[in-house]
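The structure appears right after this line, and notes come after that.
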Amino acid sequence: MTPPSAPPAPEQTPYLEWLHSDFGEPAGVRHPISETVGNVQLCQDCHMPHSTGGGVMIDRPSPPQGTTKDHFSQHHFVGGNIMLLNILQDNLQALGVTASAAKITDTRKRAADLLQQQSATLTMTEGAIRGDNLFATIGVQNLAGHKLPTGFPSRRAWLHVVLRDGAGAAVFESGGWQADGRIVGDDGDEKMLHEPHYELITRPDQVQIYESIMQNSDGQVTHTLLRAAGYIKDNRLLPRGFDKKTAAPDILVRGEAAADGNFIGGSDLVTYQIPIGGHTGPFTITAELLYATISYSFMQDLDNDAALPLVGRFVRYYDKADKTPVTMAAVTGQLR
């Protein structure tokens with residue numbers, strides 16, 4: 001039976017997430033598609049950025065009464081799916097791709113810019129050494145007008161945190177990754193379960209992963225859309241102004257993050273308590289917010305259907321692709 005708390009599983013809800021944030025339009029208000037009014041920020045503002053320079057004629061040919069505009073919206077339609085761009089570029093001929101390698105490279109650069117310059121920031125809001133433990137709190141800010149990551153439920157972002165002592169030796173690492181796409185310590189990758197949401201991390205095998213994880217009608221983790229009956233976890237970073245308590249069922253926070261008072265619209269705080277006995281400072285702590293389009297556990301689930309020709313073909317392309325995650329943001333601090 002479907003767990004009582006699990007609604008039907010919507011595949012993608014960026015519009016509803018945007019509407020429930022400070023970026024969205026107030027109820028009953030609709031602005032012209034070409035205008036940004038008040039606090040409203042339209043999808044086009046990020047994904048179809050304005051041209052610069054002014055003096056633009058948007059009609060060709062222009063009528064006699066035509067006037068120049070200060071901009072036009074560029075048809076970049078850029079998102080965060082760098083993995084697929086890598087696969088396309090690696091298999092241009094096999095896939096019959098008509099775009100040139102140079103055009104794909106340009107699109108990948110724009111996607112990287114969106115992810116690295118316009119999506120998130122990190123801060124280190126607190127750091128202290130008390131006894132044999134080092135404490136540091138990492139703040140994650142979502143700059144996007146929807147949950148981060150958004151879109152298809154294979155995407156994930158996570159905190160990779162490393163502490164080094166005065167000699168440069170690694171004392172602690174959470175969120176390390178491997179070349180095959182696995183996150184070290186992730187229960188989803190290692191056990192086909194799901195990694196919990198954390199307010200406090202004390203062990204290397206605890207990783208803060210921002211993701212949506214589906215469950216089937218028996219309450220078990222699934223990555224297959226047609227088997228999904230709801231979400232067992234959804235702690236994707238919320239857009240600014242998103243109220244967890246008043247969100248509609250399709251965009252609710254699921255799992256431990258729902259009760260986390262530091263997981264709010266626009267940001268999250270994660271505290272790390274790291275044993276440092278036997279090590280001397282000064283200690284350097286580095287935090288990165290990493291992003292991957294496709295999770296390792298999603299691909300493991302997909303591989304079960306690799307006997308199907310098209311599925312098997314994609315799995316082969318993915319296996320050969322570079323799975324290095326994108327570093328969306330980073331921060332470094334030092335404690336003595």
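Structure above, values below:
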{"read-out": "The lone exception for A229 - which of (1) closer than 22 Å to A120 by Cα; (2) surrounded by 15 or more Cβ atoms within 10 Å (Cβ to Cβ) it fails", "value": "(1)"}
{"read-out": "Qualifying residue in segment 241-251 (condition: over 25 Å from G80 (Cα atoms), crowded, with 17+ Cβ neighbours inside 10 Å, β-branched (V, I, T) and in the same structural domain as G145 (by TED's automatic domain parsing))", "value": "no"}
{"read-out": "Segments classed as strands (runs of 3 or more DSSP E), wholly inside segment 141-221, with at least 1 members that are surrounded by fewer than 22 Cβ atoms within 10 Å (Cβ to Cβ) and without any contact (Cβ under 8 Å) to a residue 12 or more places away in the chain", "value": "170-174"}
{"read-out": "Near pairs, Cβ below 6 angstrom, 6+ apart or cross-chain, from segment 47-64 (under 30 Å from G151 (Cβ atoms)) to any residue that is surrounded by 13 or more Cβ atoms within 10 Å (Cβ to Cβ) and modelled with pLDDT under 75", "value": "H50/H71; S51/H71; S51/F72; I58/K69; I58/F72"}
{"read-out": "Residue among A111, A136, A128 that alone is in a helix (DSSP H, G or I), small (G, A, S) and modelled with pLDDT of 80 or more", "value": "A111"}
{"read-out": "Answer from Q116, Q93 - the residue that is under 21 Å from the mean Cα position of the chain (by Cα), at negative phi and of a type outside the set (D, E, K, R)", "value": "Q116"}
{"read-out": "Number of the condition not met by A136 [criteria: (1) touching an Asp or Glu at 6+ places or on another chain (Cβ under 9 Å); (2) over 19 Å from Q206 (Cβ atoms)]", "value": "(2)"}
{"read-out": "Unique residue being more than 13 Å from A330 (Cα to Cα) and either touching a residue at least 12 places away in the same chain (Cβ under 8 Å) or not small (G, A, S) (or both) when the list is T123, T137", "value": "T137"}
{"read-out": "Helices (runs of 4 or more DSSP H) wholly inside segment 38-99 containing at least 3 residues that are at pLDDT 85 or above", "value": "82-90, 92-95"}
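The values are calculated or read from the model by the stated rules, or taken from the named source; none is laboratory data. Everything numeric here is computed off the predicted structure, so don't read it as measured data. Cβ: placed from backbone, ideal geometry, glycine included. Neighbour counts: every protein chain shown.
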